[in-house]
Amino acid sequence: LLDYVLFGIGVKSRHICYISLSSFEPYEALPEYGNDLSLIGAITVEVKNKLIKEGCYKEKIKLFPNYATNEYFNCQIVKNAKVNKICIVSNHVPKELAEFKVIAEKQNIKVDIFGIQYTPKYIDEKILNKYDVIISIGKTIYYATAMGKPAYCYGRFGGYGYINKNNIKKAFKYNFSGRGFGEKKKSNEILDEIINNYNNVQSDLEYVKKFAYDNFNFEKNIENFIEKVLNNNIDENKFYKKYFYLNRRSRLYVERMNTYNNEFNNLKKAYLELVNYKLLYDKEVKKN
């Protein structure tokens, strides 16, 4: 998409940065012109190392991690005697977390699941503040730790359990993804850990919240990032002349995305027609 914006449409600037969000997703690879940009952002150390292997100069890369904004950090730490309400935030709920909900609710612990398979909902600090423990991976763990909430990192890759002062640095390195050093657990093991270690993790909340502020506060990080971008000008004439050939090739991405969107819309239309037919059929069956 950046190829198309710069060389297809012809957007020009003296300051251009590119941010890579993954060490394995193909679209997040280093652009051919990466070393001629003002700056390359990497969401994790893992991504940074991958970009260097792909030929990016070390001095061109600055870590720009996933983040939480000030409204999350403004939340006060609240400590409770026991766990009463838990939320799971995931679009890919593993079997063990689905089973966890059942056994936890048998012990009078309320468990809500937010995601495509369950209750789709925009997640913000107002939602998360209602719960004693947040179970998720990735972005939601950033939110929970910034708020000073007990955060239990677990998802389809497994996880690290409660985020505490002993594991937060390593978990942050892997974007709180559950990968790297996480492990798969059974539903009853997850429940036992959450209940039995609840008081211990609460003693680490101040440390965890401060680590979050120091490392992934958006407002603080974006100022530092933009300052570095503005200190590195691009030679516009040289840059656009050197990579002008991408003008033709960059259109391929847009053409393919248009084709994909058309196919998706046709499939969606056919699916809705089938659903409507099924509803009408069921109505007729009941009537007769």
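The values are calculated or read from the model by the stated rules, or taken from the named source; none is laboratory data. Computed from a predicted model, the values in this text were never measured in an experiment. Neighbour counts run over all protein chains shown; Cβ positions are idealised from the backbone, glycine included. The accessibility values were calculated without ligands, DNA or RNA, using every heavy atom of the protein model including side chains. Shrake-Rupley method; radii C 1.70, N 1.55, O 1.52, S 1.80 Å.
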Next on the checklist: Based on alpha-carbon atoms only, what is the radius of gyration of segment 88-222 relative to the globular estimate 2.2 N^0.38 Å?
Outcome noted: 0.98
Checklist entry - Can you give the three extents of the C-alpha atoms in segment 78-119 along their principal axes, from longest to shortest, in whole Å? => result 31, 23, 14
Item to check | Sites Asn129 and Phe24, calculated FRET efficiency, Cβ-Cβ separation with R0 45 Å, nearest 0.05 | outcome: 0.85
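Do the alpha carbons of any pairs in Lys170/Lys210; Lys79/Lys139; Lys79/Lys101 sit beyond 19 Å of each other, and which pairs?
Cα-Cα > 19 Å for Lys79/Lys139; Lys79/Lys101; rest within.
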Item to check | Dipole of the chain, positive direction: furthest Cα of Ile194, Tyr271, Gln76, with charges on the beta-carbon | outcome: Tyr271
Next on the checklist: Quick check: with the 1.4 Å probe, what order do Val133, Val102 take by accessible area, largest first?
Outcome noted: Val102, Val133
Item to check | Cα-centred dipole magnitude for the chain, charges only on beta-carbon of K, R (+1) and D, E (-1), debye, nearest 20 | outcome: 280
Checklist outcome for this item: In Å³ per residue, the alpha-carbon convex hull of segment 125-177 encloses 68
Next on the checklist: I'd like the accessible area for Glu223: 1.4 Å probe, protein heavy atoms, all chains in place, Å² to the nearest 10.
Outcome noted: 130
Item to check | Length gained when the stretch Lys139-Thr119 is fully extended (0.36 nm per residue, less Cα-Cα span) | outcome: 5.4 nm
Checklist entry - Do any of Lys106/Lys185; Lys48/Lys121; Lys50/Lys241 go past 22 Å between their Cα atoms, and which? => result Lys48/Lys121; Lys50/Lys241
Next on the checklist: Test of understanding: what is the full-extension gain from Asn231 to Tyr57, defined as 0.36 nm times their sequence separation minus their Cα-Cα distance?
Outcome noted: 61.0 nm
Next on the checklist: Can you give me the solvent accessible area of Lys60 with a 1.4 Å probe, rounded to the nearest 10 Å²?
Outcome noted: 40
Checklist entry - So how exposed is Arg179, as accessible area in Å² (1.4 Å probe, rounded to 10)? => result 60
Checklist entry - Nearest 10 degrees, 0 to 90: what angle lies between the long axis of helix 187-196 and the longest principal axis of the chain (Cα atoms)? => result 80
Next on the checklist: Which of rounded, prolate or oblate describes the chain when judged by the alpha-carbon gyration tensor and an a/c cut-off of 1.5?
Outcome noted: oblate
Item to check | Assigned charges on the beta-carbon of Lys, Arg, Asp, Glu; segment 1-55 dipole about Cα centre (debye) | outcome: 200
Next on the checklist: If I model a spin label as a point 7 Å beyond the Cα along the Cα-Cβ vector, how far apart are those points for Lys283 and Glu32 in nm?
Outcome noted: 5.7
